Amino acid sequence: MHEGKYNIKAASTILGIPSGTLRAWERRYQFIAPDRNESGHRLYSDKQIQTLKGLIEKTKQGFTISQAVALLDRERSTEAVEEESIITDNQTKDYSEKLIKALLAFEEDKAHSIINQVFSMFTVEIAVIEILGASLVKIGDMWENGEINTAHEHFASSILQARISFIMHTQPSNPMMPKAVMVCGPEEKHELGLLIFTLYLRRKGYGTIYLGPSIAENDLETVLDAVNPGYLFLSCTMPACYTKTMKMLPLIKQKYPQLKIGLGGTGFAGYEEDLFVGDTPTEWNKWLNR
């Protein structure tokens, strides 16, 4: 842990930017989570000051603040590769348990504070997949088992999916990379897996058009005609979605023969054709490299 020691006035002086700007960056981009003293005042650590200096330097080079945050985050992820190997399951489980506890108590501010800590300590991949994603899956299981009610599940889902979506939309894409349309299959409403996979693609530079839950087949063709993407990824968890998706695929392949199609989600688990992208970043990367 890096103990905070600079209050916001001192940090403002060191960095040469207004205190209000620091607050706005923290609130809007959530890339650092300064400690708080007993009075609730922010306390920045030396490491956080260095991170902010790097961010300011990139804005001076002409990057927008959102681009600078994304670039710094990618650099931090690269530097953390060795550190990831010593991260224990207990660390991620501990944060996941704390987050679930706050969400089920409807403590929104506390939940966001925990999420901020998670993103300040771990790479985006670990934060999203092993903590936020795992928490949402656990909450979904609790709801299905009758341990919590619909209000708990909806409240938690709205917060976690919003944060993952926010991170996804702040990732810059590479205009030289192919575009990918992301959508759930017919009648599918569960979009967490698709959202996480979309974030993964954005982190690799792909341009993504995220449509989320199921849309009408004709509407999907409207998007494909307008965007002319290189990829179409369909997500499915429910049996009804699987059946209708498999009926729809031949028509899409016939009309868009150059389109590369990928299928993901538990509904396609065990699907043997090359269309199944897998369940993990390792499998995703292997599929894309094919």
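Every number in this text was worked out from the coordinates using simple rules, so none of it is lab data. Just so it is clear, the model here is predicted, and its values are computed rather than measured. For neighbour counting, all protein chains shown are included, and Cβ atoms are generated from backbone atoms with ideal geometry for every residue, glycine included.
Per residue, the convex hull spanned by the Cα atoms of the chain amounts to 154 cubic angstrom.
The relative contact order of the chain, computed from alpha carbon pairs under 8 Å that lie at least 6 residues apart in sequence, is 12 percent.
Relative to the current alpha-carbon distance between Glu38 and His154, full extension at 0.36 nm per residue lengthens the span by 38.5 nm.
Between Glu107 and Thr222, the simple spin-label model (points 7 angstrom out along Cα→Cβ) gives 4.5 nm. Here the Karplus relation 6.51 cos²θ - 1.76 cosθ + 1.60, evaluated at θ = phi - 60°, turns the backbone of the stretch 16-23 into coupling constants of x, 10, x, 4, x, 5, 4, 5 Hz, with x for every Gly and Pro.
Across the stretch 232-246, computed HN-Hα scalar couplings (Karplus, 6.51 cos²θ - 1.76 cosθ + 1.60, θ = phi - 60°) run 10, 10, 10, 10, 8, 10, 9, x, 4, 5, 4, 4, 6, 5, 5 Hz from first to last residue, x flagging Gly and Pro. Proximity of backbone amide H atoms, modeled 1.01 Å from N, is registered between Gly212 and Cys184 at under 5 Å, excluding neighbours fewer than 5 places apart on the same chain.
Applying a threshold of 29 Å to the alpha-carbon distances of Lys98/Lys286; Lys110/Lys179; Lys98/Lys189; Lys9/Lys93; Lys47/Lys93; Lys60/Lys260 flags Lys98/Lys286; Lys110/Lys179; Lys9/Lys93; Lys60/Lys260 as lying beyond it. Normalising the Debye intensity of the stretch 105-258 to I(0), with uniform scatterers on Cα atoms only, and taking log10 at q = 0.09, 0.13, 0.16, 0.21 Å⁻¹ returns -0.34, -0.68, -0.96, -1.35.
With contacts taken as Cα pairs under 8 Å at a separation of at least 6 residues, the stretch 87-169 carries a relative contact order of 32 percent. Per-residue ellipticity at 222 nm computed for the chain from its helices equals -17500 deg cm²/dmol, with DSSP H segments shorter than 4 residues left out and the rest contributing -39,500 (n - 2.57). Computed from the Cβ-Cβ distance with R0 of 41 Å, the FRET efficiency linking Gln254 to Asp94 stands at 0.20. Give the angle, between 0 and 90 degrees and rounded to the nearest 10, that separates the Cα long axis of helix 89-104 from the longest principal axis of the Cα atoms of the chain. Once rounded, the angle reads 90 degrees. Taking Cβ-Cβ under 4.7 Å as the only way to count a partner, pick out the unpartnered cysteines of the chain. Within the chain, the cysteines lacking a partner Cβ under 4.7 Å are Cys184.
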